[in-house]
Amino acid sequence: MPGLAALVVAAGRGVRAASDVPKQYALLGGKPLLRRTLEALGRCEAVTQFCVVIGEADQARFAAATDGLRPAPSVATGGPTRQASVRHGLEALVDADPQIVLIHDAARPFVSPRLVGRLAEVAEQGFAAIPGLSLTDTIKRVEEGAVAATVPRDGLYTVQTPQAFPFRAILAAHRQAAAAGREDLTDDAAVAEFAGLEVRLVEGEERNIKITRPGDWARAEAMIAARMETRTGQGYDVHAFGPGEAVWLCGVEIPHDRALLGHSDADVGLHALTDAILGALGDGDIGAHFPPSDPVWKGASSDRFLADAVRRVAERGGAIVNLDVTLICEAPKIGPHRERMREAVARIAGVPTARVGVKATTSEGLGFTGRREGIAALAIATIRMPEEE
Ligand code: MG
């Protein structure tokens with residue numbers, strides 16, 4: 001069934017202060033603004049395809065900003081005005097011929113599935129549907145610095161995107177407006193009105209802000225930060241002793257009368273911490289990402305495993321809150337090396353040392369650690385992640 005297509009307009013040339021990157025490619029909460037907007041639309045199950053209208057010079061930026069998104073958006077090239085850009089995007093969707101098209105600005109990253117649902121419901125009945133918010137401030141008309149009139153605000157709304165339309169109707173309306181030489185229509189609802197299509201208003205959302213002025217970035221960053229949640233994960237690892245003269249524990253080499261056996265450097269502390277972070281992310285385990293069967297990891301320094309898990313957190317917009325590890329062995333003594341271990345873990349994970357705990361215990365001579373057959377490590381990682389992840 002031809003479904004719901006999202007057409008995102010991202011061809012603007014406006015930049016953030018002190019930057020030459022168009023603002024839709026600037027980072028918001030660690031991700032390009034356009035990617036955030038596409039991900040938000042991607043959470044609407046009804047949306048089955050994506051088309052993005054981009055500036056001719058932005059091919060490489062677009063590819064980088066949308067890397068890995070599924071389904072991959074198709075691309076159309078922008079025109080001299082927003083209205084022309086939308087028309088190009090609609091023409092690019094002709095073959096797909098969706099029933100409904102949602103036309104959305106790249107600068108509104110907080111669009112919700114609920115709002116899309118309300119709009120689609122009205123568009124499915126054959127109307128244009130736009131989200132609006134009633135005015136709460138008093139409105140004045142000002143002429144030459146003086147108030148000329150107080151405008152009654154009854155029936156006045158500010159209008160947002162996405163705006164939803166039956167695809168063939170809005171395509172025909174855009175073609176008709178272009179043929180009539182009208183390039184001054186400021187939103188797609190105006191194009192629909194021009195062509196005589198009935199436009200209905202649905203309740204918009206306060207959160208669905210458009211990032212336009214410098215202060216909007218700070219507000220949007222704060223909105224993202226307020227929607228972070230805390231997650232924890234645990235990790236456990238064991239390595240057996242073998243012949244050698246030193247062990248690696250939590251990124252520190254400690255002279256000892258034996259070494260730990262393993263495919264990599266056998267750093268049980270870093271392995272347990274890596275698994276704890278991967279656990280908090282719900283992203284497999286160290287063996288899945290770095291298979292012991294792969295010769296590439298033979299003798300590898302384990303800091304790269306931990307660094308990779310930390311990178312996965314950052315890549316998904318999260319951050320490490322704290323890391324805590326317990327080493328279980330009769331020997332070597334951990335106490336004298338504890339501070340260096342904390343510093344090493346903190347450096348690898350890119351967090352302050354105060355957020356890293358390293359503790360040690362013996363097993364009172366009991367079990368395999370008590371018999372000095374190996375070392376075990378337990379770890380917990382606490383991370384902050386965007387709620388929508
Ligand atoms: Mg291991």
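The values are calculated or read from the model by the stated rules, or taken from the named source; none is laboratory data. Quantities reported herein were computed from a predicted structural model and do not represent experimental measurements. Cβ: placed from backbone, ideal geometry, glycine included. Neighbour counts: every protein chain shown.
Determine if the stretch 336-345 includes at least one residue that is over 28 Å from residue 366 (Cβ atoms), surrounded by 13 or more Cβ atoms within 10 Å (Cβ to Cβ), without any contact (Cβ under 8 Å) to a residue 24 or more places away in the chain and over 26 Å from the mean Cα position of the chain (by Cα). The answer is yes; a qualifying residue exists.
Filtered by the rule that a residue be more than 29 Å from residue 230 (Cα to Cα) and of a type in the set (Phe, Trp, Tyr), the stretch 282-313 gives a lone residue, 297. Screening residue 310 on (1) touching a Gly at 6+ places or on another chain (Cβ under 7 Å); (2) within 16 Å of the ligand (Cβ to nearest atom) shows it passes everything except condition (2).
Here are some residues: 283, 237. Which one is modelled with pLDDT of 95 or more, farther than 22 Å from residue 337 by Cβ, surrounded by 13 or more Cβ atoms within 10 Å (Cβ to Cβ) and touching a helix residue (DSSP H, G or I) at 6+ places or on another chain (Cβ under 9 Å)? Residue meeting the stated conditions: 283. Residues considered: 351, 356. Of these, the only one that is more than 16 Å from the ligand (Cβ to nearest atom) and more than 30 Å from residue 35 (Cβ to Cβ) is 356. Of all residue pairs spaced 6 or more apart or on separate chains, those with beta-carbon atoms under 8 Å, a first member in the stretch 134-148 that is surrounded by 10 or more Cβ atoms within 10 Å (Cβ to Cβ) and a second member that is of a type in the set (Phe, Trp, Tyr) are 134/157; 135/157. Any residue at all in the stretch 102-112 that is basic (Lys, Arg) and touching a Gly at 6+ places or on another chain (Cβ under 9 Å)? No - not one qualifying residue is present in the stretch 102-112.
The number of residues in the stretch 184-227 being assigned to a loop (DSSP other than H, G, I, E, B) and either aromatic (Phe, Trp, Tyr) or at positive phi (or both) comes to 1.
Of all the listed residues (63, 57, 26, 17), the sole one being modelled with pLDDT of 95 or more and of a type outside the set (Val, Ile, Thr) is 63.
Suppose the filter is within 12 Å of the ligand (Cβ to nearest atom) and either under 30 Å from residue 33 (Cβ atoms) or part of a helix (DSSP H, G or I) (or both); does residue 235 pass it? Spelling it out, it is not the case that residue 235 is within 12 Å of the ligand (Cβ to nearest atom) and either under 30 Å from residue 33 (Cβ atoms) or part of a helix (DSSP H, G or I) (or both).
Checked against (1) within 16 Å of the ligand (Cβ to nearest atom); (2) at positive phi, residue 181 passes all but a single condition, namely (1). Taking the stretch 238-292, which residues are away from the ligand (no atom under 11 Å from the Cβ), more than 28 Å from the chain's Cα centre (by Cα) and among the β-branched types (Val, Ile, Thr)? 247, 252, 254, listed by residue number. Restricting 348, 320, 380, 334 to residues that are among the hydrophobic types (A, V, I, L, M, F, W, C) and more than 24 Å from residue 228 (Cα to Cα) narrows the list to 334.
Are any residues in the stretch 280-310 part of a helix (DSSP H, G or I), within 20 Å of residue 324 (Cα to Cα) and out of contact with any Phe, Trp or Tyr (no Cβ under 7 Å at 6 or more places or on another chain), and if so, which ones? Matches in the stretch 280-310: 280, 281, 303, 304, 306, 307, 308, 309, 310.
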